[in-house]
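Have a look at the structure below, then the notes.
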Amino acid sequence: MALILFQQTLTMLLLMGLGLFLTKRGMLTEEFTSRLSNLLLMVIIPCVTVRSFIVPMADDGLMPLFWAFVYGAGTLGISMLVSYLVFGGRQPVDNFGACFSNAGFIGIPLIQATFGDAAVFYITPLICLLNVFVWTYGVRLLAADDAARPTARQLLVNPMVLSGGVGVVLYILQLPVPSVLYNAIDAVGSMNTPVAMLVLGSYLAKASVRKMVRDRATLVASVIRLLAIPLVTLAAMWVLRLSITDPLPASIFIAACAPIGANTAIFAQQFGGDYVHAVQLVCFSTVLSVVTIPLVFQLATLVLA
């Protein structure tokens, strides 16, 4: 499985390179990239989420969904705790970035490649929880103005949360979805990997490689996100005697190993954070994850075999 992850991360790196090239050539403008980001967050990833729930109910009923929620909440709790202990309120952008992984842009394609489309079902509760905390705890870290923080209603109608709710209803009630509608959802969802990587490649084109490599804060935040948090998560899985061969905890673990989320740059720009530093965090951790994700997952196969 570690080899599959390595191959997939290389593929994604090539797509990022294409995004960088197109941006340098002027074919991907900042405005167009922003629109692609919104398309991902508002349409494509919600379609991936809904699609993952259109499956026959497991033999043990709702238990997989329950444990996916529990493991996802635990993993997110670990991320928030470790990030807070390291950065606190002193470095809000670093705290935000280390806390919230790129479970949507990076985690979903990796899980699809390793365990198949159905396994996305297991990280959907994590992504929904992550989205809620991004818009509450995350915004509180970055925004000085209380008026900028979303209301409860705005959280509930957020496409990322809404799609999770729709998916859960479809799964629990086992409602039939017409093949034409499913094919349309599937077609939109299949754009997730290439579009996400083009966006990240565009971010990379805006970053200074020299500053990114030499910036100690960028390195520290990336190490916390890519190594410290996954290793603490791995330790918790070992204590709970979870198996890495089980797609449910393994999918959650892959999401925990994902690099700093692209929303770090988006939110830093929107709420007055250090946007340039945020872009460096996203780009540096994403490139570094090509090496760290397969290595940490290989370690997990030895510890949790």
Exercise for review: Report yes if some residue within the stretch 268-283 is of a type in the set (Gly, Ala, Ser) and within 18 Å of the chain's Cα centre (by Cα); otherwise report no.
Suggested key: yes
Exercise for review: Determine if the stretch 173-191 includes at least one residue that is open to solvent by 20 Å² or more (accessible area, probe 1.4 Å) and at pLDDT below 85.
Suggested key: no
Exercise for review: Answer yes if at least one residue in the stretch 260-275 is part of a loop (DSSP other than H, G, I, E, B) and open to solvent by less than 10 Å² (accessible area, probe 1.4 Å), and no otherwise.
Suggested key: yes
Check your understanding: Does Met27 meet the test of being open to solvent by 80 Å² or more (accessible area, probe 1.4 Å) and in contact with a Pro (Cβ under 6 Å, 6 or more places away or on another chain)?
Key -> no
Check your understanding: Scanning for something among the hydroxyl-bearing types (Ser, Thr, Tyr), in contact with a helix residue (DSSP H, G or I) (Cβ under 8 Å, 6 or more places away or on another chain), under 30 Å from Pro294 (Cβ atoms) and assigned to a helix (DSSP H, G or I), does the stretch 160-168 turn up at least one residue?
Key -> yes
**Study point:** Any chance Leu231 is in a helix (DSSP H, G or I), closer than 19 Å to Asn95 by Cα, open to solvent by 50 Å² or more (accessible area, probe 1.4 Å) and modelled with pLDDT of 90 or more
**Key:** yes
Review point. Of the residues Val195, Val169, which single one is open to solvent by less than 30 Å² (accessible area, probe 1.4 Å), modelled with pLDDT of 85 or more and farther than 24 Å from Gly74 by Cβ?
Key: Val195
Revision key, fill the gap. Note on Leu242: of the conditions (1) at pLDDT 90 or above; (2) open to solvent by 10 Å² or more (accessible area, probe 1.4 Å); (3) assigned to a helix (DSSP H, G or I), unmet is (3)
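The values are calculated or read from the model by the stated rules, or taken from the named source; none is laboratory data. This structure is a prediction, so every number in the text was calculated from the model and none was measured. All Cβ positions, even for glycine, are placed from backbone atoms using ideal geometry, and neighbour counts span all protein chains on display. Side chains are part of the model used for accessible areas, which takes the heavy atoms of the whole protein and leaves out ligands, DNA and RNA. Shrake-Rupley method; radii C 1.70, N 1.55, O 1.52, S 1.80 Å.
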